[in-house]
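Please treat every number below as a calculation from the coordinates, not as lab data. A quick note: this is a predicted structure, and the numbers were derived from the prediction, not measured. Ideal geometry is used to build each Cβ from the backbone, glycine not excepted, and the neighbour counts take in all protein chains shown.
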Amino acid sequence: MRNISICCVFLLLAVSANAQQTAHRKWKQLFNGKNLKGWTVKIKGHDYKDNFGNTFRVENGVMKVSYDHYDSFNQQYGHIFYKRPYSHYILAVEYRFVGQQVKGGEGWAYKNSGIMLHCQNPATMLKDQDFPISIEDQLLGGDSTGERSTCNLCTPGTNVEMDGKLITQHCINSTSKTFRNEEWVRAEVIVLGDSIIRHITNGDTVLVYEKPQIGGGAVNNYDPAQKKDGQLLSSGYISLQSESHPVEFRKVEIIDLSKEYRKKKK
């Protein structure tokens with residue numbers, strides 16, 4: 001285990017040093033800019049693959065989260081999942097918040113979305129489950145005044161470790177600056193299996209933690225068989241959130257590091 005941890009540290013240092021110099025690595029586009037091919041939806045209160053209210057859609061080359069067919073949000077939290085799981089990778093998402101929050105949205109969900117990492121298989125989510133068991137790179141937007149960091153950590157049904165200590169607090173703020181109004185932001189995350197995860201905002205590392213694992217609360221109406229507290233999360237699905245404020249994603253791309261990790265491990 002010690003050798004594996006050392007390998008993970010060296011791999012993290014290697015990919016971190018080159019996170020912004022990825023010309024020698026090829027980004028794979030998870031979002032094709034045309035349609036939702038490769039993605040499936042799960043919205044609370046609705047069956048798996050039911051894109052209620054056309055919440056997730058593509059217009060003018062952008063993936064949009066919209067609520068024009070909602071009378072009220074009514075805690076219908078939604079997630080759109082890419083079709084396959086990943087374990088070791090660099091993920092980049094370019095996003096911005098637009099328009100007004102839909103009626104019935106929670107105050108904390110104002111200009112709030114997220115990149116969900118190491119998600120459970122969406123097919124295993126129950127109809128009334130609100131969030132997938134996962135690690136969240138929380139995306140927040142600010143207004144013309146006040147400070148509000150982005151690329152924070154939230155933990156629906158999970159915990160992590162920092163400095164060798166188990167963290168059970170649901171959300172931890174990053175050190176990012178505030179991004180205001182409808183500004184586009186590039187959020188990157190380096191995920192090394194069940195070892196280290198690093199959040200990066202517009203090129204700046206803003207949060208680092210390790211040993212993502214199942215545990216804690218902040219997820220409701222799940223199948224107990226899917227929540228094995230203490231189990232490390234070494235891989236999982238990637239999803240983007242719908243939490244009541246309109247948001248746009250113009251890019252979702254990934255560099256799969258699995259082969260590189262296996263070489264380092266040897």
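Would you order K111, K64 from fewest to most other beta-carbon atoms within 10 Å of each residue's own beta-carbon? Display every interim value, and only then the final one.
Numbers: K111 23, K64 18.
Ascending Cβ contact count within 10 Å gives the list K64, K111.
Placing a label point 7 Å from the Cα of S235 along the Cα-to-Cβ line, the residues of region 181-223 whose backbone N sits under 13 Å from it are 193-194.
Counting only alpha carbon atoms, the long axis of helix 2-17 and the longest principal axis of the chain meet at about 60°. Estimated from helical segments only, the mean residue ellipticity of the chain at 222 nm is -3000 deg cm²/dmol, where each DSSP H run of four or more residues counts as -39500 (n - 2.57). Taking θ = phi - 60°, what integer Hz values does the Karplus form 6.51 cos²θ - 1.76 cosθ + 1.60 yield along region 242-255, in sequence order, with x for Gly and Pro? Working through the residues one at a time gives 10, 10, 3, 10, x, 9, 10, 10, 9, 8, 9, 9, 9, 10 Hz.
First select every other residue whose beta carbon is under 14 angstrom from the beta carbon of W108; then total the charges, Lys and Arg +1, Asp and Glu -1. So the surrounding residues net to -2. Straightening the chain between N220 and T145 buys 23.6 nm, computed as 0.36 nm per residue apart minus the Cα-Cα spacing.
Can you give me the relative contact order of the chain as a percent, contacts being Cα pairs under 8 Å and 6 or more apart? The partial results should precede the final answer.
Numbers: 679 pairs, mean separation 76.0, N = 266.
Here the relative contact order equals 29 percent.
Straight-line cross-link partners of K103 among the lysines, defined as a Cα under 16 Å from its Cα and at least 8 positions apart when in the same chain: K111. Other residues lying with their Cβ under 13 Å from the Cβ of E243 contribute a combined charge of -1, Lys and Arg counting +1, Asp and Glu -1. Of the peptides 133-139, 66-72, 251-257, the ranking by mean beta-carbon count within 10 Å, highest at the top, reads 133-139, 251-257, 66-72.
Please compare each pair in K127/K251; K34/K64; K26/K251; K228/K259 to a cut-off of 19 Å on the Cα-Cα distance and tell me which ones are over it. Please list the in-between numbers first.
Numbers: K127/K251 29 Å; K34/K64 12 Å; K26/K251 15 Å; K228/K259 28 Å.
K127/K251; K228/K259, as the Cα separations exceed 19 Å there.
For R186 and K28, calculate 0.36 nm times their separation in residues minus their Cα-Cα distance, and state this gained length in nm to one decimal.
Working: separation 158, 0.36 × 158 = 56.88 nm, distance 1.59 nm.
Fully extending the segment from R186 to K28 adds 55.3 nm.
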